[in-house]
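A.B. asks: The following block contains the structure, expressed as structure tokens.
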Ligand code: G6P
């Protein structure tokens, strides 16, 4: 496969741009021409159906993808789902349900913290599935089952396409266990088109990043519900490559402490794609703006208002994380570029962390 940067200055930008194609590849792999799901062995779905609870275990960006996937397993497959940080679960295993099923999410399939958990749960005799981008990896080999995430080689340290691919594959797996209540294949085709549309707007995000972040030391990403999960990933992207200290969190928590950090000009990015909480989030945006924050709202078409920085194309609300993360990736990329840093190789970080 293509691991050449081609005309791109950095792998990260290439990998951001590949996300539309990755979405199509995943659909082509997991749906047949009539729209039926394929490629998920019955042994996987049967074993999951026997479980009373799913435990998603992962690290970093993969953990953030798990926070989104949880919604699909709970809402479509109706299976209670917990998402855990591997390095915590490994040494403080929470009380488990009677019939747990483990899902390991990993780009590399080699993360030591996740491997430690897999070892532990295997010793306890619990079934496990790995969703990995690198298929011939320790986590895929050692789990009972493995399914490919199909993002293609990801070289930049900051993970982008592996995140969207993990969210997509979890959606598809959840749909194989239950009913999303809409035509997932058709909606994912739309998602691919709209990812492309957003990545075509690079200049907008370059400008937003340069205006809002060039000389900042700190920034915030807020959202509610699924947007809170995406806010964590958005903040990680920005901080890990630009070194701007960025916090991502559930917007309702602002008033319980964080709002005291807001100063004149502090950039606060709000992700606004969930209708149930859109009004509340608008209120929170107004509250930080009143305290001097530079608010930058990325809202979905149905919820957008004048003054929002970017309008995200509308797809099914549960799939909006696949679109909402893209501006955050591009903002992180351009902010880092504007600060003259090496986008692909941030200091102190490794693509795959094989020590605990
Ligand atoms: C490293 C990478 C992150 C990644 C995390 C988990 O910290 O820099 O981008 O999210 O490991 O890696 P995995 O390969 O298990 O997804």
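None of the figures in this text is laboratory data; all of them are computed from the coordinates on show. Please read all numbers here as calculations on a predicted model, not as lab measurements. Don't worry about glycine lacking a Cβ; one is built from the backbone with ideal geometry, like all the others, and counts go over all protein chains shown.
A.B. asks: Can you sort 55, 333 by how many other beta carbons sit within 10 Å, fewest first?
C.D. replies: Ascending Cβ contact count within 10 Å gives the list 55, 333.
A.B. asks: What shape does segment 236-282 take by its C-alpha gyration tensor, where a ≥ b ≥ c are the square roots of the eigenvalues and a/c under 1.5 counts as rounded, a/b above b/c as prolate, and the rest as oblate?
C.D. replies: oblate
A.B. asks: Averaging sequence separations of C-alpha pairs under 8 Å and six or more residues apart, then dividing by the length of segment 67-181, give the relative contact order as a whole percent.
C.D. replies: 29
A.B. asks: Continuing with the same structure: Please state, as a whole number in µm²/s, the translational diffusion coefficient that the Stokes-Einstein equation yields for segment 1-48 at 25 °C and 0.890 mPa s, with Rh defined as the Kirkwood radius across alpha carbon pairs.
C.D. replies: Using the Kirkwood radius from Cα pairs, D works out to 186 µm²/s.
A.B. asks: A follow-up question, please. So how far apart, in nm, are the two label points at residue 217 and residue 317 if each is 7 Å from Cα heading toward Cβ?
C.D. replies: 3.9
A.B. asks: Going by C-beta contacts inside 10 Å, put 298, 31 in order with the fewest on the left.
C.D. replies: Fewest to most other Cβ atoms nearby, the residues stand as 31, 298.
A.B. asks: Same structure, new question: So if I average 1/r over every pair of distinct C-alpha atoms in segment 295-356 and take the inverse, what Kirkwood radius in Å does that give?
C.D. replies: This gives a value of 14.1 Å.
A.B. asks: For segment 63-138, just run the numbers: alpha carbon Rg, then divide by 2.2 N^0.38 Å, N being how many residues it has.
C.D. replies: Rg over 2.2 N^0.38 Å, computed on Cα atoms: 1.07.
A.B. asks: Semi-axes of the equivalent ellipsoid of segment 169-220: what are they in whole Å, largest first, if each equals the square root of 5 times a C-alpha gyration tensor eigenvalue?
C.D. replies: Equivalent ellipsoid of segment 169-220: 35, 16, 7 Å, largest first.
A.B. asks: Hey, another quick one. If each residue of separation counts as 0.36 nm, what is the full-extension length gain between residue 124 and residue 210 once their alpha-carbon separation is subtracted?
C.D. replies: Gain on extension, residue 124 to residue 210, equals 25.8 nm.
A.B. asks: Comparing 17, 46, 34, which has the greatest mean-square fluctuation in the GNM of the chain with Cα pairs linked when under 10 Å apart?
C.D. replies: Judging by the Gaussian network model, the answer is 34.
A.B. asks: Moving on. What is the distance in Å between the Cα centroid of segment 232-293 and that of segment 124-141?
C.D. replies: Computed from Cα coordinates, the inter-centre distance equals 35 Å.
A.B. asks: Determine the equivalent ellipsoid of segment 143-190 by diagonalising the alpha-carbon gyration tensor, then write out the semi-axes as square roots of 5 times the eigenvalues, largest first, rounded to whole Å.
C.D. replies: 23, 15, 7
A.B. asks: Given 10 Å bins starting at zero, what is the percent of C-alpha pairs of segment 154-258 in each, up to the one with the largest pair distance?
C.D. replies: 12, 33, 36, 16, 2
A.B. asks: Per residue and in cubic angstrom, what volume does the convex hull of the Cα atoms of the chain have?
C.D. replies: For the chain, the hull spanned by Cα atoms encloses 133 Å³ per residue.
A.B. asks: Another question about this same structure. Restricting to Cα pairs below 8 Å that are 6+ residues apart, what does the relative contact order work out to for the chain? Please round to a whole percent.
C.D. replies: 20
A.B. asks: Per residue of the chain, what 222 nm ellipticity follows from adding -39500 (n - 2.57) for every DSSP H run with n ≥ 4, rounded to the nearest 500?
C.D. replies: About -14000 deg cm²/dmol.
A.B. asks: When 85, 244 are ordered from fewest to most other Cβ atoms inside 10 Å of their Cβ, what list results?
C.D. replies: In increasing order of surrounding Cβ atoms, one gets 85, 244.
A.B. asks: Continuing with this model, one more query. Please find, in a Gaussian network model of the chain (springs between Cα atoms separated by less than 10 Å), the residue of 276, 207, 122 whose mean-square fluctuation is greatest.
C.D. replies: Evaluated over the chain, the most mobile residue of the options is 276.
A.B. asks: For segment 70-222, how big is the tail of P(r) above 19 Å, as a whole percent of Cα pairs?
C.D. replies: Above the 19 Å cut-off, segment 70-222 has 64 percent of its Cα pairs.
A.B. asks: With a ≥ b ≥ c the root eigenvalues of the C-alpha gyration tensor of segment 7-83, is it rounded (a/c under 1.5), prolate (a/b larger than b/c) or oblate?
C.D. replies: Oblate, because a/c is 1.5 or more while a/b does not exceed b/c.
A.B. asks: Next up: Nearest 10 degrees is fine. How inclined is helix 161-177 to the longest principal axis of the chain, computing both from alpha carbons?
C.D. replies: 50
A.B. asks: Return the ratio Rg/(2.2 N^0.38 Å) for segment 244-356, where Rg is computed over Cα atoms only.
C.D. replies: Relative to the rule-of-thumb radius for its length, segment 244-356 sits at 1.20.
A.B. asks: Give me the number: length gained by fully extending residue 203 to residue 7, i.e. 0.36 nm times residue separation minus the C-alpha to C-alpha distance, one decimal in nm.
C.D. replies: Separation in residues times 0.36 nm, less the Cα-Cα distance, equals 68.8 nm.
A.B. asks: Nearest 10 degrees is fine. How inclined is helix 321-338 to the longest principal axis of the chain, computing both from alpha carbons?
C.D. replies: Here the helix axis deviates by roughly 50 degrees.
A.B. asks: A further question on this structure: Helix 19-30: angle to the longest alpha-carbon principal axis of the chain, degrees 0 to 90, nearest 10?
C.D. replies: Taking the Cα atoms of the chain, the angle to 19-30 is about 20 degrees.
A.B. asks: Calculate, in nm to one decimal, what residue 355 and residue 259 gain on full extension: separation in residues at 0.36 nm each, minus their alpha carbon distance.
C.D. replies: 30.9 nm
A.B. asks: Separate question: For a test of the definition: using alpha carbon positions, the gyration tensor, and the 1.5 limit on a/c, classify segment 96-168 as rounded, prolate or oblate.
C.D. replies: Since a/c reaches 1.5 and a/b is larger than b/c, the shape of segment 96-168 is classed as prolate.
A.B. asks: Using a 7 Å offset from the Cα along the Cα-to-Cβ direction at both residue 189 and residue 99, what is the distance between the two label points in nm, to one decimal?
C.D. replies: 3.7
A.B. asks: Go from 0 up to the bin containing the longest alpha carbon distance in segment 5-138, width 5 Å each, and give me the % of pairs per bin.
C.D. replies: 2, 9, 16, 21, 21, 15, 8, 6, 2, 1, 0
A.B. asks: Also, I was wondering about something else. Pick from 329, 196, 107 the residue whose mean-square fluctuation is largest in a GNM of the chain, springs joining Cα atoms under 10 Å.
C.D. replies: 196
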